[in-house]
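Taking it in order: structure first as structure tokens, then the write-up.
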Amino acid sequence: QVQLVESGGGLVQTGGSLRLSCAASGRTFSNYAMGWFRQAPGKEREFVAAISWSGGSTYDKDSVKGRFTISRDNAKNTVYLQMNSLKPEDTAVYYCAVRLSTGVRITPQLYDYWGQGTQVTVSS
């Protein structure tokens, strides 16, 4: 049974930082790409960042470049999203996902397993 569990969300003021974690279990994920997505109320789920199996390639949504950093620790089966300089428009439920392939993609439909999400709220 594959399981992804996100943590680290919360309420933060504009300009603050949060670090999201996603712990994976059920199989070894070191060979697979992983990603972070977010969904704000009334909006579709959107890509935030993704990382290749080795961590050598990362991809970020333009609006988070320079502020968010995705990383992974394969020994711990965990992927992280460091979020700095947060803005109210970053408010959303953040989801991690795994794609059972080595290739990184930004389309949610190409990911195979999802966590339950963690709420991030940025106050102005």
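Structure data summary
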| item | result |
| --- | --- |
| Among residues of the range 64-80, those that are open to solvent by 30 Å² or more (accessible area, probe 1.4 Å) and hydrophobic (A, V, I, L, M, F, W, C), counted | 1 |
| Count of the range 52-76 residues which are under 14 Å from the mean Cα position of the chain (by Cα) and either at positive phi or aliphatic (A, V, I, L, M) (or both) | 3 |
| The listed residue being farther than 20 Å from SER7 by Cβ and in contact with a Leu (Cβ under 6 Å, 6 or more places away or on another chain), out of ASP112, ASP62 | ASP112 |
| Complete set of residues in the range 63-80 that are part of a helix (DSSP H, G or I) and within 28 Å of ARG27 (Cα to Cα) | ASN74, ALA75, LYS76 |
| Leading residue by the ranking (farthest from TYR80 (Cα to Cα)) among those in the range 1-22 that are part of a strand (DSSP E or B) and open to solvent by less than 50 Å² (accessible area, probe 1.4 Å) | VAL12 |
| Scan of the range 81-124 for residues that are part of a helix (DSSP H, G or I) and either in contact with a strand residue (DSSP E or B) (Cβ under 7 Å, 6 or more places away or on another chain) or buried (at least 16 other Cβ atoms within 10 Å of the Cβ) (or both), ordered by number | PRO88, ASP90, PRO108, LEU110 |
| The range 23-50 - residue that is under 11 Å from the mean Cα position of the chain (by Cα) and within 14 Å of GLN119 (Cα to Cα) and, of those, most open to solvent (accessible area, probe 1.4 Å) | ARG38 |
| Test: residue in the range 38-58 that is modelled with pLDDT under 90, more than 27 Å from GLN1 (Cα to Cα) and in a helix (DSSP H, G or I) | no |
| Test for GLY103: is it modelled with pLDDT under 95, more than 14 Å from the chain's Cα centre (by Cα) and closer than 17 Å to GLY15 by Cβ | no |
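The values are calculated or read from the model by the stated rules, or taken from the named source; none is laboratory data. These numbers were taken from a predicted model, which means no experiment stands behind them. Reconstructed Cβ throughout: ideal geometry from the backbone, glycine too, with neighbour counts over all protein chains shown. SASA here: full protein model, heavy atoms, side chains in, ligands and nucleic acids out. Shrake-Rupley method; radii C 1.70, N 1.55, O 1.52, S 1.80 Å.
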